[in-house]
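The values are calculated or read from the model by the stated rules, or taken from the named source; none is laboratory data. This structure is a prediction, so every number in the text was calculated from the model and none was measured. All Cβ positions, even for glycine, are placed from backbone atoms using ideal geometry, and neighbour counts span all protein chains on display. Surface accessibility is based on the protein's heavy atoms, side chains included, excluding ligands, DNA and RNA. Shrake-Rupley method; radii C 1.70, N 1.55, O 1.52, S 1.80 Å.
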Amino acid sequence: MSSDIGRFKLEKMIRELKEKRGRGTELISLYIPAGRPIGDVMSVLRQEYSTATNIKDRTTRHHVLEALTAVMQRLKLFKQTPPHGLIIFAGYVAGDAPGDEKMEVHLIEPPQRLRMWLYRCDSRFHTEILEDMIKVEDVYGLIVLDRSEAAFAVLRGKNLEVVEEITSGIPGKHRSGGQSARRFERIIEQLAHEFYKRIGEHANRIFLKIPELKGIIVGGPGYSKEEFVEGDYLHYTLKEKIIGVFDVGYSGESGIYELLVRAKDLLKDVRYMKEKEVMNRFLYHLSRDTGLAVYGENEVRKALDMGALDKLLLSEDLEKYRIKFKCIQCGYEGETTVKSLDDVLRCPKCGSEVQVIEEKTLIDEFVEKAKNSGAEVILVSSSTSEGKELLKTFGGIAGLLRFKI
Ligand code: ZN
């Protein structure tokens, strides 16, 4: 769950970074791969600094030099590069009016190991590599097997990697002379069992190290796949992740490709299954009037503050902000929710304009509250009809209670 929120926040941040523009080519994008020593990075940046002193346009030159200095200052705080590498965006971001520029420095620890180096000075931030990193959100494991061979593959987004193929060496139907048919059959069964065990070991080794694995799909010709799935061969956490078993004509690598075609619809649905399921539970409690369903900003906030909320449903498309303000005239302090940060706020006591002390998105505010009270957060996209309903009918915020209030 927390990784979903992490991804969601990152997506939002990228959307904002993409909008930002420099007055000239003065915005720095720096991608530091995992394992690159900070000292190396610093010496590259010092070189870039001396190159930048030759920039002709005076303002651009100053801006680039200042941005580089800011980057180096931040880097000095690191003893070593974080385990996944580091991404830095820095520079004077243009405001609405000319001369309205503001220095911004954004540090991002990438969600996966960053393998490439990039230094770019441009009129925009280069977020593409980071975008690609979080695009691969759905990871599935594929196993295709029969008694003679098995293949394992990992599907990341649209990228399919066949990881391994193994063969059993189990002889075919032709038994050698001298053995009784029953004895031969018993040996074959034993060998099949041994082979399933091996398949299970390979699958455990490949898939257990992928914590973000969303599901496993098993295929193959004949009934071996059922024997494998029903038997005690896979680690139980992987067994729980099996989302489909399909008949395919081949085993081995070609079977993997066939399985992928068969499982297409299934894969599309899984993504939305959890949010659909929890939305349906909410709608069920609402329609039965069990008293366990709450919705709307105020009601859900109240339940959260009481520690009564079990599950918090938030629409990803909820575009609102929570503002803390203070009135300069009369000293009144309060909080309110606004649709846009450009709204002019007036003091509810005396009507004069107020000063904003703190602002955050409503989603951030609720996620924080949920964290403090132990409620599970489910971010709901608007891709399903249930998700659209959450946004339109229930104001984008709903919840299930632990107990009636
Ligand atoms: Zn006032």
For the pair residue 343/residue 73, report the inter-label distance in nm, with labels modelled 7 Å from Cα in the Cβ direction. 3.5 nm
To the nearest µm²/s, what D does Stokes-Einstein give for the chain at 25 °C and 0.890 mPa s, using the Kirkwood radius over alpha carbon pairs as Rh? 95 µm²/s
The set of residues whose placed amide H lies less than 5 Å from the amide H of residue 394, leaving out same-chain residues fewer than 5 positions away, is none
Using a Förster radius of 35 Å, what is the FRET efficiency between residue 266 and residue 128 based on their Cβ-Cβ separation? Nearest 0.05, please. 0.70
Loop-located chymotrypsin sites (Phe, Trp or Tyr not before Pro) in region 1-108 whose Cβ has at most 15 other Cβ within 10 Å (DSSP): 78
Accessible area expressed per residue, region 187-306, with surrounding protein chains retained (probe 1.4 Å, Å²): 55 Å²
Can you list the residues, at least 5 places off or on another chain, whose amide H is less than 5 Å from the amide H of residue 124, using H built in the peptide plane? 22, 27
So how much slack lies between residue 58 and residue 359, counting 0.36 nm per residue of separation and subtracting their Cα-Cα distance, in nm? 104.8 nm
Treating only the Cβ of Lys, Arg, Asp and Glu as charged (+1, +1, -1, -1), what charge dipole size does the chain show about its Cα centre? Round to the nearest 20 debye. 540 debye
Candidate lysines for bridging to residue 404, where Cα separation is under 27 Å - those fewer than 8 sequence places away on the same chain excluded: 274, 276, 302, 311, 369, 371, 388, 392
What FRET efficiency comes out for residue 328 versus residue 16 if R0 is 30 angstrom and r is the Cβ-Cβ distance? Round to the nearest 0.05. 0.55
From DSSP H assignment alone, runs of 4+ in the chain each adding -39500 (n - 2.57), the sum over residues rounded to the nearest 500 puts [θ] at 222 nm at -13000 deg cm²/dmol
Taking θ = phi - 60°, what integer Hz values does the Karplus form 6.51 cos²θ - 1.76 cosθ + 1.60 yield along region 310-319, in sequence order, with x for Gly and Pro? 9, 10, 10, 9, 10, 6, 4, 9, 6, 10
Under the rule of at least 5 residues apart or a separate chain, name every residue whose amide H is placed under 5 Å from the amide H of residue 377. 312
Do any trypsin sites (Lys or Arg not before Pro) in region 36-111 lie in a loop, going by DSSP, with at most 16 other beta-carbon atoms within 10 Å of their beta carbon, and if so which? 56, 79
For the chain, what is the percent of antiparallel DSSP beta bridges, rounded to the nearest 5? 80 percent
Work out the count of Lys pairs in region 139-269 where the Cα-Cα distance is under 17 Å, with the pair 8 or more places apart or on different chains. 15
Which of the trypsin sites (Lys or Arg not before Pro) found in region 113-151 are loop residues per DSSP with 16 or fewer other Cβ atoms within 10 Å of their Cβ? 113, 115
Rounded, prolate or oblate: pick one for region 13-132, where a ≥ b ≥ c are the square roots of the eigenvalues of its C-alpha gyration tensor, a/c under 1.5 means rounded, and failing that, prolate if a/b is larger than b/c, else oblate. oblate
